[in-house]
Amino acid sequence: MKKGSPAIALVDCNNFYVSCERVFDPSLMNVPVIILSNNDGCVVSRSNEAKTLGISMGTPVFKIPDVIKKNKVQVFSSNYALYQDMSSRVMQTLKEFSQEMEIYSIDEAFLSLRGFGKDDLISIGEKIKKTVYKWTGIPVSVGISPTKTLSKVAGDIAKKKENGVFCVFDSAQTNDILSKTEAVEVWGIGGRQAAKLAVKGIFTALDLKNADRKWVQNNLTVTGVKTVLELNGISCIDLETVVPDKKGIACSRSFGKPVTSIEEIKKALSEYVTTAAEKMRRQKTVPLSLTVFITTDRFSENASQYANWTEMKISEPTAYTPALIKYAYSGLEKIYRKGYQYKKAGVVFTGLIGEDDVSPPFFGEDNKRQNLINTVDVINKKMGKNTVSFGPSEREGNWKMRRNFLSKKFTTDWNELPVVYCD
């Protein structure tokens, strides 16, 4: 462990999407539950009960109707608004324990436990777990170690512990755990790297820990060397406490049903641009270019195939939604062809720069437009996404994703707040 480095905790929400649904529907406790991907396609989250039934991640739902019916599996469409809001509540709770925090994903965060001694780590881990559950209803597991990589290993073990907390510090204990962990399961080691390691006779995380570092650097680059050092308890992957701005933002969806008309695709693009523009405004960036693409269903054997894209330079970089929608429509009109059944469309904004890097005359945003878009953002944040929108106002259509098993927006829509009736 690097001198002066604090212990690092990985806090991981258990079966996160399922847990979010259970917070607002206690009848889902102790029964098999699965959450589906876009267009209700594949399984992306499972309760432990569903895992016991042999339902695997990524399983197409149409392949398991008998399993669902026989075992009364509860099925839900992905409710992204709910999951993101619940994630924000969990992360805000974690800040009560440490301001040095890296939000790694929607359901994971690394925390610096600076100031806590080794003897206090189990108790602080248990306190984190109890507090998050009490304040949000979300169960978590906590893995603690000297490095981020070992915390990932500890986190996997913590999920199987009754108290949901596990620490990895002792050298002999660490070696024993790593000897039972496959190299491919180590954070930062993918399938291609694992194949190289296997050729070298490196199959377990312990093998990787003890691997020749010169060979690792030559074959797995500096990133691989950092992984080896971290497995040896030497902290060299810092917490990213400040989230860097995205250099590109994309928004695309597969349509719920095949779409043939350009008007329907425009409705979809209008929503995609709106979502992307909101993200750019939040990080105070503007794009230099916009790419629009459309494609048919490449897996369909009975339909004609077509796919195309076009990139446009934005003459006056802006995050003003109506202006960007016009660009998207112009691009779509260049690549759209009649007679095809389109399955997917999307937009990609690239070359993002800070809005302050654009001089006012070039920026082209007058106060009236800026005030308008700021007001729209405030209303949509308070009242719910797309309460006020630009472009076609129709909310439904063939382009909309299939979400036939969608739960309510319990925390983000005034009309769908939970209601409790008392006699």
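Worth a mention:
- Counted residues, region 50-60 - those being part of a loop (DSSP other than H, G, I, E, B) and open to solvent by less than 20 Å² (accessible area, probe 1.4 Å): 1
- Subset of region 214-249 [within 18 Å of residue 175 (Cα to Cα) and charged (D, E, K, R)]: 226, 230
- Index of the failed condition, residue 115 passing every other in (1) touching an Asp or Glu at 6+ places or on another chain (Cβ under 8 Å); (2) of a type in the set (Gly, Ala, Ser); (3) on the phi > 0 side of the Ramachandran plot: (1)
- Top-ranked residue in region 26-49 [being of a type in the set (A, V, I, L, M, F, W, C), out of contact with any Pro (no Cβ under 7 Å at 6 or more places or on another chain) and not in a loop (DSSP other than H, G, I, E, B); ranked as nearest to residue 111 (Cα to Cα)]: 44
- Helices (runs of 4 or more DSSP H) contained in region 161-227 and holding at least 2 residues without any contact (Cβ under 8 Å) to a residue 24 or more places away in the chain and open to solvent by 40 Å² or more (accessible area, probe 1.4 Å): 171-179, 191-199
- Flag if residue 235 is in a loop (DSSP other than H, G, I, E, B) and open to solvent by less than 40 Å² (accessible area, probe 1.4 Å): yes
- Which numbered condition residue 108 fails, given (1) closer than 18 Å to residue 159 by Cβ; (2) of a type outside the set (S, T, N, Q); (3) modelled with pLDDT under 95: (3)
- Those strands (runs of 3 or more DSSP E) of region 61-134 in which at least 2 residues are open to solvent by 50 Å² or more (accessible area, probe 1.4 Å), considering only elements entirely within it, cover 101-105.
- Put simply, of 124, 64 the only residue that is farther than 25 Å from residue 256 by Cβ and among the β-branched types (Val, Ile, Thr) is 124.
- Checking residue 399 against (1) surrounded by 12 or more Cβ atoms within 10 Å (Cβ to Cβ); (2) assigned to a loop (DSSP other than H, G, I, E, B); (3) of a type in the set (A, V, I, L, M, F, W, C); (4) at pLDDT 70 or above, the condition it does not meet: (4)
- Taking the criterion of being within 14 Å of residue 355 (Cβ to Cβ) and among the basic types (Lys, Arg), the only residue of region 283-326 that qualifies is 284.
- For the residues 23, 18, the requirement of being open to solvent by less than 10 Å² (accessible area, probe 1.4 Å), part of a helix (DSSP H, G or I), closer than 13 Å to residue 83 by Cα and of a type in the set (A, V, I, L, M) singles out 18.
The values are calculated or read from the model by the stated rules, or taken from the named source; none is laboratory data. A quick note: this is a predicted structure, and the numbers were derived from the prediction, not measured. Backbone-built Cβ (ideal geometry, glycine too); neighbour counts: all protein chains shown. Quick note on the areas: whole protein, heavy atoms, side chains included, nothing else; ligands and nucleic acids left out. Shrake-Rupley method; radii C 1.70, N 1.55, O 1.52, S 1.80 Å.
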